[in-house]
Structure formats: C-alpha cells, structure tokens
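Coordinate-derived values only; no laboratory data. Keep in mind the model is a prediction, meaning the values are calculated, not measured. We place every Cβ from the backbone using ideal geometry, glycine too, and count neighbours over all the protein chains shown.
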Ligand code: NAD
C-alpha cells in the first residue's frame, strides 16, 4: 500500500479471501455459541475493555503515526483527537457494561414477564478510512460489552492501524475469536462478510452506494440486520444575527477543511443570508490559507493530503465541473505540492453555487466548500433539505425562536446551534434519508447489538 503523504510504498498487506472470511466468522461463531465471552458477567467483559483502553493510550504515538501514514490525517489530529477518542470510547462502554438492565413488566398476579437484552451474536463491523480507529471503536465497544463477538473489516486504505488494534486486543487478553480483523478489498472481503450466513449483524460506516450493497447481501443471505452510517451533505446556515461572525467564519472553515474535508459531517454547504454574504464569505476565504496542506507528520500541519491519487483526481474534477457549470472559484481548486509525490489539494471555496448543481447535492469528501445564499428562513430550510442526505446541520443565530424552529424543521441526525462537530459519547450519532439509520455512540448504540427477549413465567 502507498502513503498519501508521498505516494511511496509503506507496507504490503495480505488480503482475506472468502475462505479466510469464513474462518474468521467460524471463529467468532464458536466464541459466541460456545465460548465464555457472552456468558461472562458484564463487569468481567468490561475489565478487558478497560485494559484495551489503557493499551491504546500507551501505544498512542505508534497508532497515531500509523493512521497519519496510511490515510494522511495530520499527526496533530491523529494524536490529539482520534487516538484519545478511541481510548475514551472503550472506557465509556466498559463503564456502561453493568448498568444496562432489562424490564419487569406489569402482568397478571399469576405471571412474571421479563424483558431481557440478549447479545445479538456475531457482528461484522465494516468501516471506512477517514477515522479508521474511531469508527472501529464506535462499533466494537458497544458490541463487545453486550457479549457479541466481532469480525472487523477495515477499509483497504487503512489496514495497518486496525492490525495494531487487533494486537492490542490480544494483549488485553480477549479470548480467541472474540475480535478478528480481516483486511482486503470491499467487493471481495466485505462482500464475503455481508453474504456470510454465520453473521447476525452488519454495522457499516461508509458510502451510500456500498450501504445499499449490504442491504442486498442481507436479502440474498440470512436477512442479517444491517445498520448503516452513510454519507452527508451538511448545511451550515448563517443568519445575520449570529453572535460572532468571526467565530462563525472560523468554524465554517474548520468544518470543511478539517480532515481534508474527508468527513461524513463536513460542513460542505455554507448557506448564508444575502445581507451578509459578501462579508461573511470573504472572512471564510481569508481563513482558508491556514489550511494549505502539508506533510501529515509535521506537527504544525492542519490539513494533510487526500487519501488516494484517484480520490484527488475526483475532487479536482468535481471543482472543474462546478466552475464550468457557473460556480465562481474564490480560492483553491487545484492539486498542489507535486514535488512531494503525495496527493494534496488546495482548500477550495466555490461561490454562486446553484442548488441544482451536482456540487451542491452530492458528497465530494474533500476540502471543497459550496456557498449558497438565502433571504428568508423558509428559503434557508428549503435549501438545507434539498439533498438526498440527512446526517447533520448547523444554524448560527442569536434568536432562540429561529434556532429552535430551524433545528426542529431539519431532517438530520444532529443539528448544531452556534457550533459545529460538538458532541461526546453521551449523545447518539447517525443520520436520516440516504445518510442511513441506526445510531452509533451513547446508550442507544446497544440497540444495534442486542435482541429483546420476553420471558413469561406463569405461576398457575
Ligand atoms: P466505502 O463505502 O467505499 O467503503 C467503506 C467500507 O466498505 C470499506 O471497508 C470498504 O472496503 C467496504 N466496501 C467497499 N465496497 C464494498 C462492497 N462492494 N462490498 C462490501 N464492502 C465494501 O467508503 P469510504 O470511501 O471508505 O468512506 C467514505 C464514505 O464513508 C463517505 O461516503 C462518508 O460520508 C462515509 N462516512 C460516514 C460516516 C457516518 O458515520 N455517517 C462516517 C465516516 C464516513
């Protein structure tokens, strides 16, 4: 595999074919059906996750460097954001493990009705490369604490960090078969997992098109349940009465250029009121220079390369197409730093984007901001909802009634008011429409990995 940093080979990784996937699923099946894991007291399962969290922290430098090398995230983010989030996720769910209870329902005096949460079985967790270990941890931690066993399939662009995590899980003492990592191309390895009759649950994060594939795999095999966290085209709506337009401009720039825009929640559509549009857009453009890309291993770099040469070409082509269609390029739009051999793109802002243009409707997954304008709240809401996605949105205003009206009206899994990308493990994360269904994080993630069982005890 090649590093996006300089296009050089950094490793070669074995690909798991259908037979390897079958072995991994059989091991997970055996560990679930006959092994100790689902039968352990929840507190004991938790102790493994606490150990894993400690080991992740102890290996933070190596994990962060590996992530930065394999997918290009700046070290300041892999070390400062991603790896701490992974340790925190394992610890948070370990703390939750023995606080999940069932129900005793009101039934007749001669019966006792219990509703218990049963672990769902063998889970296939299929994840993307943009937050390779955070996405994995969001799936693994709630699945493991409920007693499920997991086969993790990382993206082919980020296989190495997942292998390190598997090594740490083994050092934490997870019993054999409880967590297995299979690397390989999606249409081979991912497909084999999706179709495998031994898998009970697929939890997937990735593109909408591959999400559809997983629904087909399920229909064509054992009707395994499929949870989907998919793409987005999130609107960031700025009203003239925002508390602080400079803070809003800082956040608008960060919301699209953080992680090179390779974010499902990227603030890729700036919807700004016409009264302030010229001034506000100028403020955002002035911030773009701070994100000019650099070596991801340099601790000062705020934006790294894109994940692959093909992805870079696609992002640049999307910008050219928008400009040909009438959008105005305010900054960026080109591939850059050719001497590095890596896959860098300038931070890009496009003005005068028409809502019907492809750039306004479908995901770019790169550092490309599209600016659209509105005059009324109704127009803002209409523009905001005018994409097939419903993952996230933000609104900037000091008017509580506007904030409330807009946030309640938007079809989105998360709405931020006067902020962007805020949240923690206590709140659920997921989408609506073509952004998928089901929720990662929070206590609600347990719903994905448990079945409710009714036990009716009669006392004649
Ligand atoms: P992708 O859909 O191409 O790949 C995701 C995973 O699916 C990878 O492991 C890949 O190997 C596998 N895969 C690919 N083709 C497959 C197939 N035919 N059968 C089975 N498995 C297959 O997505 P990506 O390029 O890795 O990630 C980017 C996408 O992920 C974007 O659309 C982004 O919005 C989305 N994403 C969503 C969230 C969220 O929580 N909603 C978070 C991060 C990324």
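For a modelled paramagnetic label at residue 98, 7 Å from Cα along Cα-to-Cβ, the residues of the stretch 27-67 in reach, with backbone nitrogen under 14 Å, are 40-50. Distance between the pseudo-spin-label points of residue 313 and residue 44 (7 Å out from Cα toward the beta carbon): 5.5 nm.
Maximal additional length on extending the residue 379-residue 106 stretch stands at 93.4 nm, based on 0.36 nm per residue less the C-alpha distance. Averaging Cα coordinates gives a centre for the stretch 181-253 and one for the stretch 314-362; these two points are 24 Å apart. The label-point distance for residue 408 and residue 26, in a model that sets each label 7 Å from Cα toward Cβ, rounds to 5.7 nm. You can think of it this way: the chain between residue 243 and residue 444 has 69.1 nm of extra reach, that is 0.36 nm per residue less the Cα-Cα gap. Per residue, the chain reaches -11500 deg cm²/dmol at 222 nm when only DSSP H runs of four or more residues are counted, each adding -39500 (n - 2.57).
For the chain, the longest principal axis of the alpha carbon atoms and the long axis of helix 18-33 meet at an angle near 50°. Looking at the stretch 350-460, the DSSP beta bridges with both ends there are about 40 percent antiparallel.
Approximating the spin labels as points 7 Å out from Cα along Cα→Cβ, the residue 34-to-residue 9 distance works out to 4.2 nm. Among bridges DSSP assigns within the chain, what percent are antiparallel (round to 5)? Close to 40 percent. The DSSP beta bridges internal to the stretch 235-424 are antiparallel in roughly 20% of cases. Summary value for the stretch 9-162: 29 percent relative contact order, contacts being C-alpha pairs under 8 angstrom separated by 6+ residues.
In whole Å, how far is the Cα centre of the stretch 404-460 from that of the stretch 84-143? The distance from the Cα centre of the stretch 404-460 to that of the stretch 84-143 comes to 13 Å. Dividing the mean sequence gap of close Cα pairs (under 8 Å, 6+ apart) by how many residues the chain holds gives a relative contact order of 19 percent. Structural descriptor for the stretch 235-424: relative contact order 27 percent, calculated from alpha carbon pairs under 8 angstrom and at least 6 residues apart. I need the shape label for the stretch 259-305. Rule: rounded when a/c is under 1.5, else prolate if a/b > b/c, else oblate, with a, b, c from the alpha carbon gyration tensor. Here the stretch 259-305 falls in the oblate category. Quick one: helix 400-409 against the long Cα principal axis of the chain, what's the angle to the nearest 10°, folded into 0 to 90? Result, in degrees: 60.
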